[in-house]
1. What helices (runs of 4 or more DSSP H) completely inside region B:57-147 contain at least 2 residues that are crowded, with 23+ Cβ neighbours inside 10 Å and at the interface with chain A (Cβ under 10 Å from one of its Cβ atoms)?
2. Which of the residues belonging to region B:288-308 are within 12 Å of chain A (Cβ to nearest Cβ) and either exposed (fewer than 15 other Cβ atoms within 10 Å of the Cβ) or in contact with an Asp or Glu (Cβ under 6 Å, 6 or more places away or on another chain) (or both)?
3. Among the residues of region B:258-308, write down those that are out of contact with any Lys or Arg (no Cβ under 9 Å at 6 or more places or on another chain), among the aliphatic types (A, V, I, L, M) and closer than 27 Å to A:L92 by Cα.
4. Counting just the residues of region B:201-228 that are surrounded by fewer than 24 Cβ atoms within 10 Å (Cβ to Cβ) and among the polar types (S, T, N, Q), which one comes out modelled with the highest pLDDT?
5. Which pairs have Cβ atoms under 8 Å, sit 6 or more apart or on different chains, and link a residue in region B:170-196 that is at negative phi and of a type in the set (V, I, T) to one that is outside any helix (DSSP H, G or I) and surrounded by 11 or more Cβ atoms within 10 Å (Cβ to Cβ)?
6. Hydrophobic (A, V, I, L, M, F, W, C) and over 20 Å from the mean Cα position of the chain (by Cα): does that describe A:V85?
7. Of these, B:T242, B:T181, which one is within 14 Å of chain A (Cβ to nearest Cβ) and either farther than 22 Å from B:D134 by Cβ or crowded, with 22+ Cβ neighbours inside 10 Å (or both)?
8. Can you list residue pairs whose Cβ atoms sit under 6 Å apart, with the first residue in region B:17-29 being in contact (Cβ under 8 Å) with a residue 60 or more places away in the chain and closer than 20 Å to B:V255 by Cβ and the second being assigned to a helix (DSSP H, G or I) and charged (D, E, K, R)? Count only pairs 6 or more apart in sequence or on different chains.
Amino acid sequence: MSLPDPSFLLIQSLNGLTYAMFLFLIASGLSLIFGVLGILNFAHGSLYMLGAYFTHQFVSLFVDAPGQFWWAAILASLTVAVIGVIIERFFLCHLYTREQLYQLLFTYALVLILSDFAKIIWGTGQFSVSRPAILNGAVPILDQYFPKYNIIIILLGPCIAFTFWFIILRTRWGRKIRAAALDREMLDSLGVNVSRLFTVVFFIGAWMAGLGGALVSPVSAIVPGMDVEIIVNAFIVVVIGGLGSFWGTFLGSLIVGQVYALGILAFPRLSLAFIYVLMALVLILRPWGLLGRRLQR
Amino acid sequence: MSKENWLLIPFVLLILLIPVSGSRFYVFLGTDILIFGLFAVSLNLLLGYTGLVSFGHATYFGIGAYTCALLMKKASIPFPLAFAGAGILGGIAALIIGFFCVRLTKVYFAMLTLAFSQIVWAIAFKWNSLTGGDTGFIGVPFPQYLDSKIRFYYFTFAVVAVSLFILRKVVNSPFGRILTTIRENPERTEFIGINVKLFQLTAFILSGIFAAIPGALFGIFNNNVFPDILFWPASAEVLIMTILGGIYSFFGPVVGAAVLLFLRMQVTSYTQYWPVILGMILALLLFFFPGGIVGFLQTRLTLLRGNR
């Protein structure tokens, strides 16, 4: 076996890093919602898919407007966040007292419903959104080229991660969110409006999913099925990193991104199974994840 | 004979008489329902009786289908042996996977069953030379003496009836009672000196065997096996059937399978948007009928009797 060109490996690894940033946007919302609400939200990938479709819709509405992509991305992600709030306020909040299985299955019902709605509205064809004009083109790295847009995504990921870390650890809302994750009844009796807090958390999570979908639209095709593809990978990320752990999710995204980017070069036939083997190993050896907090199970 | 057994007689008669109607459609649907009914009951041994949410039950169904098909076609092993082999391999797979899974609880248990099922799916999907990969394993031979749809229907009925008989004996035995105790409170069950993990693992293996058996039938019934039957949405579907019927009654999952398959057959002849209908059925069920169809009927019956 001949060794691949190192510059090619670098580019491939950077591609993995780009994918990791999208995964991180989705998985951190998933992890946040699980940490606070205790719900494993299957429909998180559907929100991501809606973010991408809405971005396509808004971009085609604002043709020729300056900065159309960015406006479309902001509007699309906020629309998704509002849909998230509707889901939480009208449906999910009635299931909090039920068994976890019922909550999980309800979010699965949402996956089925939303994916068909997307098919009814946008059809089964694929769409693409063009990159914002200033980010067109590529930068030479060693003797390869890497798209400017992907560099922005790689830089944006840690920025968003840092902002969230700051909000969760350094603000009043963040303190309440962490408290709700530990003991919602106690927080409730201390006079905090926990149900509003839950809605806010769901809003943030859904918004991040929508943003992920909006930002991914220029680099990958918008197709039916993108919801299910991302949610399975996001599950793997949060399981590897640790459900409810913020930095764990970051680490998990990096690992999964690199496994996909480099694993496909090393073992093209095994890479599909490899990622699940990794997930199973983590669950067997450290069920609380690489960076998760150990809880009594 | 208990009252529940008397209630079964009209259903059994109906099932036996379906082929007499001469409708190929109902024979087809009936075979499908019998197969998935057993599959759902095998899942319910974990879900309703032991309180374990498996999110990878399609694995054992798929292993059963592939084992039986491969043994018959590639190794030319006669059907009865291949059929038994499917059940045995399903049980062995459940032993290996369950060994790791029963150490975890709740979401982590579900996640690990999902991870293992995806591993098995990825192997079947990529191992082209053995399974045919994503183009599927086409041309599963029909055993000669079952070479008509009606004969196969009766054969399926016999296998499913015997399997359900055994499973019912199991859940009503002291062993089954201990499983229910574990579902209600694993810690206390541990305190009275019962090895909870061992009982859970035994239930897992039994459940795997009785999922592989309908799987083997399914492969022959369709003449082919695709890796899709191992993919996680297949696990979600059998979970929905089980809950739709009702997890707190033995025959509930069979009812769920019957209703779901019948509806799917009807809906897909009108529209391609079956998932949205399924999603809405599921959402309605979770909000308004958490006990499933049978659970709902049971509470209604008790209310009626109470009013008299």
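1. In region B:57-147, the matching helices (runs of 4 or more DSSP H) lie at B:79-101, B:106-126.
2. B:F288
3. Within region B:258-308, B:V259, B:L260, B:L263, B:M280, B:I281, B:L282, B:A283, B:L284, B:L285, B:I293, B:V294, B:L297 meet the criteria.
4. Residue satisfying both the conditions and the ranking: B:T202.
5. Close Cβ pairs satisfying both conditions: B:V171/B:F250; B:I178/B:I194; B:T181/B:I194; B:I182/B:G51; B:I182/B:I194.
6. Against the criterion (hydrophobic (A, V, I, L, M, F, W, C) and over 20 Å from the mean Cα position of the chain (by Cα)), A:V85 does not qualify.
7. Result: B:T242 is the single residue among B:T242, B:T181 that is within 14 Å of chain A (Cβ to nearest Cβ) and either farther than 22 Å from B:D134 by Cβ or crowded, with 22+ Cβ neighbours inside 10 Å (or both).
8. As it stands, the answer is B:V27/B:K149, since those pairs meet every condition given.
The values are calculated or read from the model by the stated rules, or taken from the named source; none is laboratory data. Model, not experiment: these values are computed from the prediction. Counting neighbours? That spans all protein chains shown, and the Cβs are built from the backbone with ideal geometry, glycine included.
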